[in-house]
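Notes to accompany the following structure.
The values are calculated or read from the model by the stated rules, or taken from the named source; none is laboratory data. Model, not experiment: these values are computed from the prediction. Cβ atoms come from the backbone with ideal geometry, glycine included; neighbour counts cover every protein chain shown.
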Amino acid sequence: MKQGILLLGITFLGILAIGFPLKVFASELEMEMIEDDGFYQDIIQYSGEWTSRGEAIRSYDVSDQGWVAIAFTKNKIGIFDEDMNFISELVFDLTGACGVLWSGESVLIMDGGSDRAVECDIYGNIIHVYDIKGPDDYWYGIMGKRMRKWEDWRYYCMDKSMNFDFLYSSYYIMLERKSKDGKKEILYKSERKLDAWESGFLIGVGCYSFAIFAFTFPILYTWKSSEKKKEK
């Protein structure tokens with residue numbers, strides 16, 4: 001009986017691991033500079049207005065100077081100073097998954113559809129284009145890292161439902177930071193609501209969890225009852 005319960009628990013954890021991939025923290029991004037063929041020149045535009053306000057967060061990063069870059073859900077990257085004052089916005093037309101990282105004072109627009117990184121300044125002027133060579137887990141371990149540090153601050157992007165650090169989400173609704181002395185600040189909060197697919201997904205997860213509980217509870221109850229009888 002105990003072995004059966006243990007096997008069931010391992011199976012359940014395995015299903016969770018498949019549904020919610022764990023992050024593997026990597027130390028650096030391996031890139032190879034390639035010749036710019038002008039492809040990205042036509043699809044990256046600069047905007048002096050913050051048109052992505054209210055959108056959800058795809059990814060974010062904090063520079064060595066404390067500036068914040070946020071990749072929003074509608075292919076837009078917002079650039080902000082350390083106090084979250086808006087600086088500029090980059091708008092791009094890419095169909096695949098996209099993200100953002102800082103590279104010194106430049107930003108890397110991460111094109112997940114082709115495993116490339118486009119380095120440009122905060123006004124959208126392209127500096128270099130790179131092929132991303134590794135590590136294999138760079139999308140989760142580097143670009144998708146949810147916690148960042150700058151000076152005495154720790155930054156964290158919050159999920160719409162579950163906020164465990166090892167769970168990766170397709171988007172986040174809030175960015176906050178906390179100092180060593182416990183001071184907490186909400187830097188950005190999305191106005192986005194759950195769409196029909198996401199609502200259905202959460203309902204499905206809830207039903208699945210209930211089914212697992214309904215299946216395991218009688219087994220646990222029977223096992224516990226038998227243990228009590230043995231003690232008597």
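Structural remarks
- Among the residues making up the stretch 20-46, those that are part of a loop (DSSP other than H, G, I, E, B) and modelled with pLDDT of 50 or more are E28, L29, E35, D36, D37, G38, F39, I43.
- Contacts under 6 angstrom Cβ, first residue in the stretch 29-51 being over 23 Å from D131 (Cβ atoms), partner charged (D, E, K, R), 6 or more apart: S47/E89; W50/E89
Okay, residues lined up against (1) hydroxyl-bearing (S, T, Y); (2) modelled with pLDDT under 90:
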{"site": "A97", "(1), (2)": "no, yes"}
{"site": "V100", "(1), (2)": "no, no"}
{"site": "S103", "(1), (2)": "yes, no"}
{"site": "V107", "(1), (2)": "no, no"}
{"site": "D111", "(1), (2)": "no, no"}
{"site": "R116", "(1), (2)": "no, no"}
{"site": "H128", "(1), (2)": "no, no"}
{"site": "D152", "(1), (2)": "no, no"}
{"site": "D159", "(1), (2)": "no, yes"}
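- Only listed residue being over 22 Å from Y40 (Cβ atoms) and either aromatic (F, W, Y) or in a loop (DSSP other than H, G, I, E, B) (or both), chosen from Y130, Y140, Y123: Y140
- So E151, is it in contact with a His (Cβ under 8 Å, 6 or more places away or on another chain) and under 21 Å from V68 (Cα atoms): no
- Taking the criterion of being under 16 Å from S88 (Cβ atoms) and surrounded by 14 or more Cβ atoms within 10 Å (Cβ to Cβ), the residues of the stretch 30-50 that qualify are I44, Y46, S47, W50.
- Candidates are the residues of the stretch 161-198 that are surrounded by 15 or more Cβ atoms within 10 Å (Cβ to Cβ) and of a type in the set (A, V, I, L, M, F, W, C); the one that is modelled with the lowest pLDDT is L167.
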